[in-house]
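A.B. asks: One structure follows; several queries about it will come next.
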Amino acid sequence: MNPVADVVAPSSPDPVWMTDYLGWLASQRRAAALTLENYTRDLRKLQRLAAGREPITLTSAEIRRFAGRLHGEGLGPRSIARCLSAWRSFFRWLVRHRGLKHNPVEGIRPPKAPSKLPGVLSPDQAACLLDAAPAESVLDLRDLAMFELFYSSGLRLSELTGLMLDGSLDLIEGMVTVKGKRGKTRTVPVGSRALAALRAWLDSRSQLPVGDNLAVFVTRTGACMSPGAVRSRLTLRAQQSGLGMHAHPHMLRHSFASHLLQSSGDLRAVQELLGHASIRSTQVYTHLDFQHLAKVYDAAHPRAKR
């Protein structure tokens, strides 16, 4: 058994401090189910490492030692960073609501992780993926509508699968309203190609046994599309189009942001369209844009190559 997995046995119930904090996250911060699942896993790591001690007794030196133990157990820098972030938020809650004097996680940094930029498609690759063989079935129409909307509007996977026929999708004005992280809503434009694909799909959607399901995108059996189903369909489309590389849904969101920034140079606008709370999250695309400019320079400038 890998101790990093930290699956606490059912016979060992979570301590009160953990259930109280997770309950606060769910009710007061309206944290998503996946967020709660991740925090639960990370707090169970803290519980294991603390060996039964109450969190309010832990020191910064011990937290630093816990992070080192996780690293020694094989946990990667990004996972340790997420762990420390969860612990930091938990201790911040203890400071605010339980009278703890000091947050022992403040100032503790995870091991340095290698910089990794998100994968993106070039405009030609995006066209290859989306302009593949014409739709021959209702499922083909659905897939094209999904992926055109991804690339057109930069949606998150959860935003796309959660899209409902409740007025959120305005095909006349060419806008879509989605609920993002922390329940925040934003409205973004939908391009003409995506609008055409959506109209074709919605005209054919009734061919499936949808019943009273109001999800925009449904499966062959009329159920809501799951994130896994969307990933599988995109993988299949990438193979069928001859793209020559693995494609995943977030790659379409990255490509949307990168291509928009290359054309406009407006980082703030891209931030708003992506729904990023902080401009720091969007700044990664400036590096992608620089990579594009560097390639253009290397190919065109007479003194670029030796």
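Each reported figure results from applying straightforward, stated rules to the coordinates on display, with no laboratory input. Worth saying up front: this structure is predicted, and the values here are computed from it rather than measured. Positions of Cβ are backbone-derived with ideal geometry, glycine not excepted, and every protein chain shown enters the neighbour counts.
A.B. asks: Can you give the relative contact order of the range 124-247 as a percent, counting alpha carbon pairs under 8 Å and 6+ residues apart?
C.D. replies: After rounding, I find 29 percent.
A.B. asks: Another question, if that's okay. List the equivalent ellipsoid semi-axes of the range 58-210 in whole Å, largest first, each obtained as the square root of 5λ for an eigenvalue λ of the Cα gyration tensor.
C.D. replies: Working: eigenvalues 403, 83, 34 Å².
The answer is 45, 20, 13 Å, longest axis first.
A.B. asks: Now a separate question. From Cα pairs below 8 angstrom and at least 6 apart in sequence, can you work out the relative contact order of the range 3-97, rounded to a whole percent?
C.D. replies: Numbers: 43 pairs, mean separation 33.4, N = 95.
RCO, the range 3-97: 35 percent.
A.B. asks: Using the Cα centre of the range 89-242 as the reference point, and only Cβ charges (+1 on K/R, -1 on D/E), how large is the resulting charge dipole? Debye, rounded to the nearest 20. Can you show the working numbers first?
C.D. replies: Values: 21 positive and 13 negative charges, 274 e Å.
With Lys and Arg at +1 and Asp and Glu at -1, about 1320 debye.
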